[in-house]
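Dumping the structure here so I can ask a few things about it.
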Amino acid sequence: MFNVVTIAREYGSGGADIGRKVAELLNWECVDKQILEHATETEKVDSKWAESADEHSYAWWERVMYGFRKGDPSLMTAGAPAATPVDYDAMQKITASVIQHAADAGNCVIIGRSSQCVLHRHPHVLHVSIYAPLAAKLERMKLRHPHEKDLHALLQKKDADRARYTHTYYGCDGLDRKLYHLCLNSSLGVDICADIIVKILQISNGA
């Protein structure tokens with residue numbers, strides 16, 4: 001029986017919209033920006049920094065350079081404002097904790113943040129990957145980033161950041177289809193993709 005859905009998504013694919021629609025159809029909680037809100041409220045993390053740190057990890061050269069300066073790469077907190085008591089590594093731990101607690105409670109859809117890796121041993125989680133053709137992703141990004149001059153470069157950077165986050169903290173390749181029960185092309189439409197996911201849940205759960 002599945003009572004949790006994770007949504008991995010290419011940037012610009014509309015995966016978050018699909019996840020929110022699934023949660024709406026099932027009357028489940030959608031766990032997305034709530035992770036950042038938790039970090040801001042309970043961990044006293046600067047809200048703007050938390051948003052910029054979302055699904056980010058340090059590049060190897062950042063750790064090396066910091067290690068040369070401080071003598072211990074594990075102490076790295078570069079990139080965080082002085083008032084923020086955490087770094088990217090601590091944000092990852094906060095994020096994983098929120099994801100785990102949400103899964104334990106059940107009846108939720110979790111958007112991104114390598115949740116398919118955090119919960120890969122959880123028996124009651126349906127893992128979904130959302131992708132889309134490049135042209136469709138760029139078209140969707142025009143609405144989100146109307147002033148961006150190089151959408152293609154931004155798309156590559158966002159996907160690279162997410163891929164590095166998944167590999168750095170979980171040793172996984174987010175494109176590995178073996179991580180997922182279902183891969184969907186969002187060009188089918190948000191409603192159709194959401195309906196497919198809900199139908200699979202209903203059949204799997206004997207509804």
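Restricting to region 176-192, name every residue that is more than 11 Å from Ser13 (Cα to Cα) and either assigned to a strand (DSSP E or B) or in contact (Cβ under 8 Å) with a residue 60 or more places away in the chain (or both).
Listed by number, the residues that qualify are Leu179, Tyr180, Leu182, Cys183, Asp191.
Restricting attention to region 10-39, and to residues there that are among the β-branched types (Val, Ile, Thr) and assigned to a helix (DSSP H, G or I), which single residue is farthest from Val190 (Cα to Cα)?
Per the stated criteria, the residue is Ile35.
Let me ask another. Quick check: is even one residue across region 70-89 modelled with pLDDT under 70, of a type in the set (A, V, I, L, M, F, W, C) and either outside any loop (DSSP other than H, G, I, E, B) or closer than 30 Å to Tyr180 by Cα (or both)?
Within region 70-89, one or more residues are modelled with pLDDT under 70, of a type in the set (A, V, I, L, M, F, W, C) and either outside any loop (DSSP other than H, G, I, E, B) or closer than 30 Å to Tyr180 by Cα (or both).
Within region 84-138, work out how many residues are surrounded by fewer than 19 Cβ atoms within 10 Å (Cβ to Cβ), in contact (Cβ under 8 Å) with a residue 40 or more places away in the chain and among the polar types (S, T, N, Q).
Total meeting the criteria: 1.
Please name all residue pairs, on different chains or six or more residues apart, with Cβ atoms under 7 Å, provided the first residue is in region 40-59 and is in contact (Cβ under 8 Å) with a residue 12 or more places away in the chain and surrounded by 13 or more Cβ atoms within 10 Å (Cβ to Cβ) and the second residue is among the charged types (D, E, K, R) and assigned to a helix (DSSP H, G or I).
Short answer, once both residue conditions are applied: Glu55/Asp161; Glu55/Arg162; His56/Asp161; Ser57/Arg164.
A further question follows. Any residue in region 148-166 that is under 21 Å from Ile18 (Cα atoms), in contact (Cβ under 8 Å) with a residue 24 or more places away in the chain and among the aromatic types (Phe, Trp, Tyr)?
The answer is no; no qualifying residue exists.
How many residues are over 24 Å from Ile197 (Cβ atoms), of a type outside the set (Gly, Ala, Ser) and either modelled with pLDDT of 80 or more or in a helix (DSSP H, G or I) (or both) when one looks only at region 47-60?
Of region 47-60, the ones over 24 Å from Ile197 (Cβ atoms) are 47-53, 56-60.
Now narrow it down to the ones that are of a type outside the set (Gly, Ala, Ser): 48-49, 51, 56, 58, 60.
In the following step, the residues that additionally are either modelled with pLDDT of 80 or more or in a helix (DSSP H, G or I) (or both) were identified as 48-49, 51, 56, 60.
Of the residues in region 47-60, 5 are over 24 Å from Ile197 (Cβ atoms), of a type outside the set (Gly, Ala, Ser) and either modelled with pLDDT of 80 or more or in a helix (DSSP H, G or I) (or both).
The values are calculated or read from the model by the stated rules, or taken from the named source; none is laboratory data. Computed from a predicted structure; not experimentally measured. Here the Cβ is made from the backbone with ideal geometry for all residues, glycine too, and neighbour counts use every protein chain on show.
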